[in-house]
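Structure first, commentary second.
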Amino acid sequence: MSNNTAQEEPELVQLLTPEGERRTHPDYPLDITPDEVRALYRDLVLVRRFDTEAVALQRQGELGLWASLLGQEAAQIGSGRALRPQDMAFPSYREHGVAWCRGIPPKDLLSMFRGTTNGGWDPHDHGFHLYTIVIGSQALHATGYAMGVQRDGALGEDGTAVIAYFGDGATSQGDTNEAFNYAAVNNAPVVFFCQNNQWAISEPMERQSRAPIYRRAAGFGFPGVRVDGNDVLACLAVTRAALQHAREGQGPLLIEAFTYRMGAHTTNDDPTRYRVSAELEEWRAKDPIARVRAYLENEGHADDAFFAAVEEEAERLGERVRHECRALPDPDPLDIFHEVYAEPDVHTDRQRAEFADYLASFEDAAAEGVR
Ligand SMILES: Cc1ncc(C[n+]2csc(CCOP(=O)(O)OP(=O)(O)O)c2C)c(N)n1
Ligand SMILES: [Mg+2]
């Protein structure tokens, strides 16, 4: 890799190769039963199916926008399944797999991308904060929350840990770096989980950082580790260890999940304008779902009936979310103005009135057309 400042290649923690071969790692032992691996496989397939459906729903005009998680399923399911019920996650806007693990109904995610709600769920009910669009800001929210956990005396073997999700692009934001420092000096129980999907919209990784992201933690005084983000077992083991480290009062940790955004940045984006298909092919060979399937098949841990049943369940999920999405009310375009301030505000009221006039102008134009 040409952009590394250090001499040696960064280590990548991997417990399952792209060919589906099991590896061990001295720092991350993982005792996992075939049943549990099958459950992870099911999660991966279902969230991919949900995501594919959401992209289609956006194309059909049912959603305003969608940010696909395609390719990042293992990073999200592995880390999401490492969380305990008492833990709190602070996502950005692409963490549909983590949302799934936290029991957020898929329809609630769609509701936000349709504009039907500005939130969609109660963070406390799920230990999963609202989606955040302002890049990197949730790293600070998570750090503040973690400091609260610490002051509440909620640490210990069965205590609470906090996790913040963000992308490679977010590591260039001041907020993220301030969060790293603040978490470090306060020894806050927060895990920073960076999904390095190699792109920040059209900005490639080499324009984002000269040093591998996980190494940045050392400069702030806490450990960092790079994990194969397409390996659900490695993501599970590394995140579980990091959360435990935080939970027990040993402070923050940065995980860089090395993965790839297989789709567009969002449905508003066309990645063929800025990246080559060879890169996509290279990453397709590292697919997070195919390797779990290969492992289950090679070990004789799952038969055709199992895979067919998961496929069928995925189809049913796709149908269900399609119906649920179509049944959601259309947002009133003026509602957004009610959500800005708790108290009336003259500027917001003026903007609301202007926008109402603008919308009404279409009705006037239509009426004139009829005359
Ligand atoms: C503070 C801020 N600046 C700019 C943007 C516009 N923006 C939206 S997504 C994005 C790229 C984020 O890339 P990354 O952190 O790698 O996350 P990814 O989308 O790849 O998951 C940018 C710049 C924003 N939402 N917030
Ligand atoms: Mg990115």
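For the chain, what is the relative contact order in percent, using Cα pairs closer than 8 Å and at least 6 residues apart in sequence?
Computed over the chain, the figure is 24 percent.
By how many degrees, 0 to 90 and rounded to 10, does the Cα axis of helix 346-370 deviate from the longest principal axis of the chain?
Between helix and principal axis, roughly 60 degrees.
Can you work out ³J(HN,Hα) from phi for every residue in region 317-329, in order, using Karplus 6.51 cos²θ - 1.76 cosθ + 1.60 and θ = phi - 60°, giving whole Hz and x for Gly and Pro?
4, x, 5, 4, 5, 4, 5, 5, 5, 5, 7, 6, x
Where does the Debye-calculated log10 I(q)/I(0) of region 157-211 sit at q = 0.14 Å⁻¹, using only Cα point scatterers of equal weight, no solvent?
-0.44
Taking Cα atoms of region 196-306, Rg/Rh with Kirkwood Rh, to two decimals?
Rg divided by Rh gives 1.05.
Top mean-square fluctuation among Ile135, Ile201, Ile77, Gaussian network model of the chain, C-alpha springs under 10 Å?
Largest GNM mean-square fluctuation: Ile201.
Just in region 140-241: which trypsin sites (Lys or Arg not before Pro) are loop by DSSP and have at most 14 other Cβ atoms within 10 Å?
Loop-located and lightly packed - Arg210.
Starting at 0 and stepping by 5 Å, how many percent of the alpha carbon pairs of region 135-274 end up in each bin?
For region 135-274, the binned pair fractions read 2, 11, 20, 22, 19, 13, 7, 4, 2, 0, 0 percent.
Which of Asp168, Asp122, Asp304 moves the most in a Gaussian network model of the chain with Cα springs under 10 Å?
Asp304
Enumerate by residue number the GluC sites (Glu not before Pro) in region 175-281 meeting two conditions: DSSP loop (anything except H, G, I, E, B), and at most 15 other Cβ atoms within 10 Å of the site's Cβ.
Glu248
So how much slack lies between Asp330 and Asp270, counting 0.36 nm per residue of separation and subtracting their Cα-Cα distance, in nm?
This chain segment gains 18.9 nm when fully extended.
Need one number: convex hull volume per residue for region 60-184, Cα atoms only, in Å³.
Given the Cα convex hull of region 60-184, per-residue volume reads 111 Å³.
Rounded to the nearest percent, how much of the accessible area of the chain (1.4 Å probe, protein heavy atoms only) is carbon and sulfur?
After summing per-atom areas, the C and S share lands at 50 percent.
Relative to the Cα centre, what is the charge dipole magnitude of the chain, using +1 at the beta carbon of each Lys and Arg, -1 at the beta carbon of each Asp and Glu, and rounding to the nearest 20 debye?
Dipole of the chain, to the nearest 20 debye: 580 debye.
Rolling a 1.4 angstrom probe over the protein heavy atoms, how many square angstrom per residue are accessible across the chain?
I get 46 Å² per residue for the chain.
Bin width 10 Å, origin at 0, all Cα-Cα pairs of the chain: what percent of pairs per bin?
5, 22, 31, 25, 11, 4, 1, 0
The values are calculated or read from the model by the stated rules, or taken from the named source; none is laboratory data. Not measured: the values here are computed from a predicted model. Cβ atoms come from the backbone with ideal geometry, glycine included; neighbour counts cover every protein chain shown. For accessibility, only protein heavy atoms count, side chains too; no ligands or nucleic acids. Shrake-Rupley method; radii C 1.70, N 1.55, O 1.52, S 1.80 Å.
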